[in-house]
Amino acid sequence: MDTLTDRQRTILTLVIREYTHTADPVSSKRLVEQYELGLSSATVRNEMAVLTEEGFLRQPHTSAGRVPTEKGFRYFVRRLMRETTLPEDARRTISHQFYQMRNDVNQWMKLAASILANQSRSFSLVTTPRPEYFHFKHLELISTHGTQVLGVLILEGGEICQRFLSFNEPVSQEQLSMAANRISGLLQGKDTKAVCSIQESFSPTEQVVLNWIAEEMSQSDTLVTGEIYSDGLTNVLAEPEFLGSEEARKALRLMEEQTFLHDLLAHTILSNNFSGVQVLIGGEGNWDELRQVSLILSKYGSPSSATGTVGVLGPMRMAYGHSISVVRFISNILSDLVAEQW
């Protein structure tokens, strides 16, 4: 139940606005001087004291002003923040940049990460689009030496898997090509379940290859996120919060670890509540490593074809309205591109 009065909501909003711009504790005197509130400094100070008691603000030092807490930021984002959109000229410029590289998926990812980082002045991350379930597309078997054969498996959506396969005896390139053509014809367009349940009779060579294909496709289906592209780490390192806080800098070091990013995105994506733009403030109680930062994420694409994730990470004192609008706009552009490509 919302227990804040209109006056308290206004003061909380102004404290967050000031703190976002300056990174300094906000005093009642500053609010009275900066905004025409029609209130005395003592009245504003009393309301700030109530907000502090309720956990929306905190006072770093006895004589200092107030700064927002995680609870305060969450309340602001979910209840007080107005929805914003990117200016028209920015939308046109970004759309034109994507139009120039319309058919290059890798360039989409790099461009999206760069734009997100520059627009939000935060650390950005973008995952490549991937289908919910992979389907077989093509197989190549290449003779190398002795009993070793290079298998190249191509799945719909562009996923490529390679492995050296071992056989009990040497197999000629002609036999390998025949096996690859037969398997490709039988498995064309099939998903993992269909591949694993196929009832055809296979030679020993073909069976080894088929077992490998089923294993690779099963592993691909279990991966929730694709390759991660990122940019803008220096943007966040320059923020005051990360100059003097080892805990905050530790969170940034984790951003360079692909395993952590994959785990973070997988956990968020698999959440039943992940739809539209999601804002995770201070790790939302699930990620101690992110207690000093906020993360804005959005899915893009279509579940029937392929999906990915875009997002930005920065200090809790980020410009949420602008960052959310950037994430949403890039998500919509990538969704349109995926729809055309797939």
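The values are calculated or read from the model by the stated rules, or taken from the named source; none is laboratory data. None of these values were measured; they are calculated from a predicted model. We place every Cβ from the backbone using ideal geometry, glycine too, and count neighbours over all the protein chains shown.
Listed values, structure above:
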| quantity | calculated |
| --- | --- |
| Residues that are touching a strand residue (DSSP E or B) at 6+ places or on another chain (Cβ under 7 Å) and either at pLDDT below 90 or closer than 12 Å to GLU216 by Cβ (or both), drawn from the range 160-186 | ILE160, CYS161, GLN162, ARG163, LEU165 |
| Top-ranked residue in the range 122-159 [being more than 25 Å from GLN219 (Cβ to Cβ) and surrounded by 18 or more Cβ atoms within 10 Å (Cβ to Cβ); ranked as farthest from the chain's Cα centre (by Cα)] | SER122 |
| Tally of residues being acidic (Asp, Glu) and in contact with a His (Cβ under 8 Å, 6 or more places away or on another chain) across the range 134-160 | 1 |
| Residues of the range 225-246 classified as modelled with pLDDT under 75 and either exposed (fewer than 13 other Cβ atoms within 10 Å of the Cβ) or under 14 Å from the mean Cα position of the chain (by Cα) (or both), total | 4 |
| Which numbered condition GLY38 misses (of (1) crowded, with 16+ Cβ neighbours inside 10 Å; (2) more than 29 Å from the chain's Cα centre (by Cα)) | (1) |
| Options VAL236, VAL209, VAL195; residue that is in a helix (DSSP H, G or I) and within 23 Å of LYS110 (Cβ to Cβ) | VAL236 |
| Residue within the range 58-65 that is modelled with pLDDT under 95, closer than 16 Å to VAL15 by Cα, outside the structural domain of ASN332 (by TED's automatic domain parsing) and hydrophobic (A, V, I, L, M, F, W, C) present | yes |
| Residue in the range 167-186 that is in contact with a helix residue (DSSP H, G or I) (Cβ under 9 Å, 6 or more places away or on another chain), outside the structural domain of GLN119 (by TED's automatic domain parsing), surrounded by fewer than 13 Cβ atoms within 10 Å (Cβ to Cβ) and not acidic (Asp, Glu) present | yes |
| Hits in the range 122-143 - residues which are more than 16 Å from VAL310 (Cβ to Cβ), not in a strand (DSSP E or B) and not aromatic (Phe, Trp, Tyr) | PRO131, GLU132 |
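Results for (1) more than 30 Å from THR259 (Cβ to Cβ); (2) out of contact with any helix residue (DSSP H, G or I) (no Cβ under 9 Å at 6 or more places or on another chain); (3) not in a helix (DSSP H, G or I), shown as yes or no for each residue.
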{"position": "GLU36", "(1), (2), (3)": "yes, yes, yes"}
{"position": "HIS61", "(1), (2), (3)": "yes, yes, yes"}
{"position": "THR85", "(1), (2), (3)": "yes, no, yes"}
{"position": "ASP89", "(1), (2), (3)": "yes, yes, no"}
{"position": "PHE98", "(1), (2), (3)": "no, no, no"}
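Residue-wise test of (1) within 17 Å of ILE213 (Cα to Cα); (2) of a type outside the set (Ser, Thr, Tyr).
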position: GLU83; (1), (2): no, yes
position: ILE94; (1), (2): no, yes
position: LYS110; (1), (2): no, yes
position: TYR133; (1), (2): yes, no
position: GLY151; (1), (2): yes, yes
position: LEU165; (1), (2): yes, yes
position: GLN173; (1), (2): no, yes
position: ILE183; (1), (2): yes, yes
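So that you can scan it fast, the table gives a plain yes or no per residue for (1) under 17 Å from GLU340 (Cα atoms); (2) surrounded by fewer than 19 Cβ atoms within 10 Å (Cβ to Cβ):
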| site | (1), (2) |
| --- | --- |
| GLU70 | no, no |
| PHE73 | no, no |
| PHE76 | no, no |
| ARG79 | no, yes |
| ARG82 | no, yes |
| ALA90 | no, yes |
| SER95 | yes, yes |
| TYR99 | yes, yes |
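Residues checked against (1) modelled with pLDDT of 75 or more; (2) not in a strand (DSSP E or B):
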site: GLU215; (1), (2): yes, yes
site: SER218; (1), (2): yes, yes
site: ASN272; (1), (2): no, yes
site: SER294; (1), (2): yes, no
site: LEU297; (1), (2): yes, no
